[in-house]
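The values are calculated or read from the model by the stated rules, or taken from the named source; none is laboratory data. Quick caveat: nothing in here was measured; it's all calculated off a predicted structure. Ideal geometry is used to build each Cβ from the backbone, glycine not excepted, and the neighbour counts take in all protein chains shown. Each accessible area value is taken on the protein alone, full model and side chains, heavy atoms only, with ligands, DNA and RNA left out. Shrake-Rupley method; radii C 1.70, N 1.55, O 1.52, S 1.80 Å.
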Amino acid sequence: MRRALTAAIAALTVTTAGTVVTGAPGQAALPGWGRPKKPAAATPTPGSPGLGDSYFPDYGNGGYDVGHYDIRLRYEPATDRLSGTTTVLATATQDLSRFNLDFALDVESVRVNGWSAGFAREGAHELVITPPRPVLKGQQLTVVVKYAGVPSETLVQGYTGWTRVADGALAVNEPESAWWWYPSNDHPTDKATWDVSVSVPTGVEVVSNGVQPRAPLPEAGNRTRWSWRSVKPGATYQAFLAIGQYDIVTDTAPNGQPVVNAYSTTLGERAPAARASIERTAEVVDWESGVFGPYPFEAQGGVAGPIDGFGFALETQSRPVYGPGFWRRGSNPYVVVHENAHQWFGDSVSVADWRHIWLNEGFASYAEWLWSEEQGEGTAQELFDFTYASYPADSEFWQVLPGDPGAGDVFADAVYDRGAMALHQLRLAVGDEAFFRILPAWTAEHRYGNGTIAQFQALAERISGRDLDAVFTTWLFTAGRPEPAAAARVAVAPAQPKSWTAIRAAHQLLDR
Ligand SMILES: [Zn+2]
């Protein structure tokens, strides 16, 4: 998955502060909340405005750990106006005099543990919240943010991650999408569960992650409220909304889980190809479970976005969203394989820092090679050979390091294609028996957590009993075209695998 302005966002710096609105006097706290349990040992200090990510240092915030988001919204497709309330349940990890959430829409009010709190805007996406009294380490933090805005017109450095379309909208983007629809601690290291409900005019559908805890409920004014629930912890950018005209098709997967597929009614002649691809989701997930370990989430499915939506696809938790471009030349199961592989590599096991993006894209791309092998459409070795030969030695492609591509190249071709090549070289180095033990061991060890490339290398070395430093250094961290291992010596003119065209077509939209 990709977005356009990663580099621009990465270059952002915090600028002017907004007006601080102080809490109204005389408002009572909820019983047991907001009151120090013991005398503070030190003076409470502000939570950090960022988590110090190598590429996006101001993403996320320090001083607390979120457990759950309750996102309750109202949306008007005719005007793109979004309003509502998000309740953030968190635990303070330090004595806090104030703390930040990441958010871009206009805020009306903030309450902390029942008390009206002061708030101010700083920089592009920081909401600075000052509770009327400090919050102590270990204390629960209930933050209620009331807000409204037009997300498609709310630009951060000229960009919005919210996609308005003719019949509704899509909140789908990476690395950041939450800024435009719910306040959050926006970094993959702070995972949480979430509930989302959206009121829309009756006749409009709302699709999101996980399961529907209740059927759509009629509301006054000819409106309907849709509810979705994610019960496994996820990263903030994994939450999504697809609002518009959708055909929703439900089924049961081989493992008994609900399958919810949704198809925009705007797809026209592309609709059959979208259905023929996305309807293989349960089959793909079943096969991937055999290779990667138990499926980590509570539901499955996919969303075929509208014809006027975005050009990419994203591995939104339990239910990827696909742009219409993937179906322009007919069905393409490879993008379904890619996005669902991310449910393990990216969603359940998320990057500890965005520089480790290879742990997402290299693995999801290699899953396509494994699927090709399984389907008899070309082995991973044949795909390695053809991919390697397709990039001349002097190509810029070889100058991007998949293991540390830089903030502007998080979704570069090399992260995907050289990333998949790196995994194939690892497989050759350790042998199939060890390789196919390493993959499920990784997803088990870091389930619902985070990982680094160094941790993955250490695990691979532990399981294989080999020193793999040369493989990782050569394929992930050295500029220039490496010589493949002797076992993978490339033919002068390798034959084109049957799966090549479909994989290429998908990657033209997934990476750049
Ligand atoms: Zn991907």
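Here are a few things to note about the model shown:
Matching residues to (1) outside any loop (DSSP other than H, G, I, E, B); (2) open to solvent by less than 20 Å² (accessible area, probe 1.4 Å):
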| site | (1), (2) |
| --- | --- |
| 247 | yes, no |
| 262 | yes, yes |
| 266 | no, no |
| 274 | yes, yes |
| 277 | yes, yes |
| 309 | no, no |
| 343 | no, yes |
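- Condition check for residue 285: among the aliphatic types (A, V, I, L, M) and in a strand (DSSP E or B): no
- Boolean, residue 375 is touching a residue at least 12 places away in the same chain (Cβ under 8 Å) and surrounded by fewer than 24 Cβ atoms within 10 Å (Cβ to Cβ): yes
- Considering the stretch 346-374, the residues that are among the polar types (S, T, N, Q) and farther than 19 Å from residue 427 by Cα include one that is farthest from the chain's Cα centre (by Cα), namely 348.
- The number of residues in the stretch 108-135 being within 23 Å of residue 187 (Cβ to Cβ) and not in a strand (DSSP E or B) comes to 5.
- Checked against the criterion of being small (Gly, Ala, Ser), in a loop (DSSP other than H, G, I, E, B) and either touching a residue at least 12 places away in the same chain (Cβ under 8 Å) or on the phi > 0 side of the Ramachandran plot (or both), the candidates 301, 203 yield just one match: 203.
- Number of positions in the stretch 91-107 that are part of a strand (DSSP E or B) and either open to solvent by 40 Å² or more (accessible area, probe 1.4 Å) or among the polar types (S, T, N, Q) (or both): 5
- The helices (runs of 4 or more DSSP H) found entirely in the stretch 387-482 that carry 3 or more residues being more than 26 Å from residue 506 (Cα to Cα) and open to solvent by 20 Å² or more (accessible area, probe 1.4 Å) are 432-445, 453-464, 469-476.
- Per-region count, the stretch 45-69, residues buried (at least 18 other Cβ atoms within 10 Å of the Cβ) and part of a strand (DSSP E or B): 3
- Any chance residue 97 is at pLDDT 95 or above and under 20 Å from residue 140 (Cβ atoms): yes
- Whenever a residue of the stretch 312-326 is without any contact (Cβ under 8 Å) to a residue 60 or more places away in the chain, its partners that are among the charged types (D, E, K, R) and within 12 Å of the ligand (Cβ to nearest atom), lying with C-beta atoms within less than 7 angstrom and at least six residues away or across chains, give the pairs 320/339.
- Among the residues listed as 410, 337, 349, the single one being under 15 Å from residue 291 (Cα atoms) and within 16 Å of the ligand (Cβ to nearest atom): 337
- Count of the stretch 78-90 residues which are of a type outside the set (A, V, I, L, M) and open to solvent by less than 20 Å² (accessible area, probe 1.4 Å): 3
- Residue 365 being touching a Lys or Arg at 6+ places or on another chain (Cβ under 7 Å) and within 16 Å of the ligand (Cβ to nearest atom): no
- Some residue of the stretch 213-220 being out of contact with any strand residue (DSSP E or B) (no Cβ under 7 Å at 6 or more places or on another chain) and within 27 Å of residue 199 (Cα to Cα): yes
- Filter result (free of Cβ contacts under 8 Å to residues at least 40 places away in the same chain and either open to solvent by less than 10 Å² (accessible area, probe 1.4 Å) or small (Gly, Ala, Ser) (or both)) within the stretch 279-298: 282, 289, 290
- Of everything listed in (1) more than 24 Å from the chain's Cα centre (by Cα); (2) over 28 Å from residue 296 (Cβ atoms); (3) not charged (D, E, K, R), the single unmet condition for residue 216 is (2).
- Residues located in the stretch 279-304, provided they are within 17 Å of residue 244 (Cβ to Cβ) and either more than 16 Å from the ligand (Cβ to nearest atom) or charged (D, E, K, R) (or both): 301, 304
- Residue 209 open to solvent by 20 Å² or more (accessible area, probe 1.4 Å) and touching a residue at least 12 places away in the same chain (Cβ under 8 Å): no
- Residue match in the stretch 414-432 (condition: more than 13 Å from residue 362 (Cβ to Cβ) and free of Cβ contacts under 8 Å to residues at least 24 places away in the same chain): yes
- Residues in the stretch 311-331 that are open to solvent by 10 Å² or more (accessible area, probe 1.4 Å), away from the ligand (no atom under 11 Å from the Cβ) and part of a loop (DSSP other than H, G, I, E, B): 311, 329, 331.
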